[in-house]
Amino acid sequence: MSIINYQYDISTTVKKTNQEQLLTFGIIGILILLYAPILLHWVDGWLHKSISIEHEYFSHGIIGLPFAFYLSWLNRKKWQRLPDHSNPLGLFLLIVGMVFYLSGVTEWVNLSLPVILTGICLWLKGRPGLKLQGFSLILVFLATPTAIPYIITPYTFPLQSFIAGTAAFILNQMGMDVTVNGINIYVGGRIVEVAPYCAGLKMLLTTFYVSLMLLYWTETLSSRRISAIFLSVAMLISVIANIIRNTFLTFFHGTGNEGAFVWLHDSWGGDLYSACMLLLLIPILNGMNTYFMGEELETSE
């Protein structure tokens, strides 16, 4: 009798596992059919800069979305071990996500992706599932193109003025005749405008996004002190890097070096500059982790 029960338990477990796998593959298949064209459109626009300026602000999704998928893949066994538990909020979010998707409004269609993914987590595994996939969902949400940059842009004037004034001050120290009027820099008979999209907002968003990824990867995101200090330092470095970039742009334009100006402003030079700045964050975070870990050891002794 015990052998029969044991065989029955194995058969039930295998059947349940197969059903869960079929359900998982089915959900993944539906998501691919719904969102593969949208994701390909995003990636193509980010790579070739053929997407709107506001949506280009989310180009950090090129590295963030694969990383989010990778983290979910790593957590697949933990996900399977979680008990099935449906949270009603999950069904509500699934309905809202489908309404967004079927609306045809670009912003809503984009937002339907993180909404539906969150709904799936809650509907299948409840709050534990949402907690397990929480960081991946955050990465997806922060990489989803929305109108947020367009909303923020009108409030970047103080930052634009600060960048213009600082760049002019640096060039004056180099012996160049530079004057500033608001966000306009006059040099060599030419005008360089620090436009809203040159205020470094894109670099700030990318820096914040990459900093979160680094904190998670180094398992220091749970430390509020390290996270707060590192994010503050990263934002400061981003602002300083953008001031230096605008200084170079003003110098190139003012001296008639249009080739260098276009390379740093519109071509791959700007991407290279941003990448070098982001790579600088890695040794900074490693140094902070080493310092604070040593401090904790001294305190414990």
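Figures for the structure shown
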{"read-out": "Criterion (without any contact (Cβ under 8 Å) to a residue 24 or more places away in the chain, within 22 Å of Leu47 (Cα to Cα) and not hydroxyl-bearing (Ser, Thr, Tyr)) met by exactly one of Ala260, Ala228", "value": "Ala260"}
{"read-out": "Failed item, numbered, when Val262 is tested on (1) over 22 Å from Leu71 (Cα atoms); (2) touching a Phe, Trp or Tyr at 6+ places or on another chain (Cβ under 8 Å)", "value": "(2)"}
{"read-out": "All positions within the range 93-143 that are surrounded by 21 or more Cβ atoms within 10 Å (Cβ to Cβ) and part of a loop (DSSP other than H, G, I, E, B)", "value": "Gln133, Ala143"}
{"read-out": "Single residue of Leu297, Leu285 found to be over 24 Å from Leu47 (Cβ atoms) and either surrounded by fewer than 17 Cβ atoms within 10 Å (Cβ to Cβ) or modelled with pLDDT under 90 (or both)", "value": "Leu297"}
{"read-out": "Residue list for the range 76-92, restricted to those being charged (D, E, K, R), in contact (Cβ under 8 Å) with a residue 40 or more places away in the chain and in a helix (DSSP H, G or I)", "value": "Lys78"}
{"read-out": "Meets criteria (among the aromatic types (Phe, Trp, Tyr) and modelled with pLDDT under 90) for Tyr70", "value": "no"}
{"read-out": "Hey, Val192 touching a Gly at 6+ places or on another chain (Cβ under 6 Å), modelled with pLDDT under 85 and not aromatic (Phe, Trp, Tyr) or not", "value": "no"}
{"read-out": "Top-ranked residue in the range 249-274 [being loosely packed, with under 11 Cβ neighbours inside 10 Å and not charged (D, E, K, R); ranked as modelled with the lowest pLDDT]", "value": "Trp268"}
{"read-out": "Candidates Ala167, Ala195, Ala260, filtered to the one that is within 30 Å of His48 (Cβ to Cβ), touching a strand residue (DSSP E or B) at 6+ places or on another chain (Cβ under 7 Å) and not charged (D, E, K, R)", "value": "Ala167"}
{"read-out": "Considering residues of the range 61-75 that are in a helix (DSSP H, G or I) and in contact with a Leu (Cβ under 6 Å, 6 or more places away or on another chain) only, the residue nearest to Thr206 (Cα to Cα)", "value": "Gly64"}
{"read-out": "From the options Leu204, Leu272, Leu215, Leu236, residue that is assigned to a helix (DSSP H, G or I) and within 22 Å of Glu54 (Cβ to Cβ)", "value": "Leu204"}
{"read-out": "Residue within the range 226-238 that is under 26 Å from Val178 (Cα atoms) and surrounded by 15 or more Cβ atoms within 10 Å (Cβ to Cβ) present", "value": "yes"}
{"read-out": "Subset of the range 175-188 (residues that are in a loop (DSSP other than H, G, I, E, B) and in contact (Cβ under 8 Å) with a residue 12 or more places away in the chain)", "value": "Met176, Gly182, Ile183, Gly188"}
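The values are calculated or read from the model by the stated rules, or taken from the named source; none is laboratory data. All of these numbers come straight from a predicted model, not from anything done at the bench. Backbone-built Cβ (ideal geometry, glycine too); neighbour counts: all protein chains shown.
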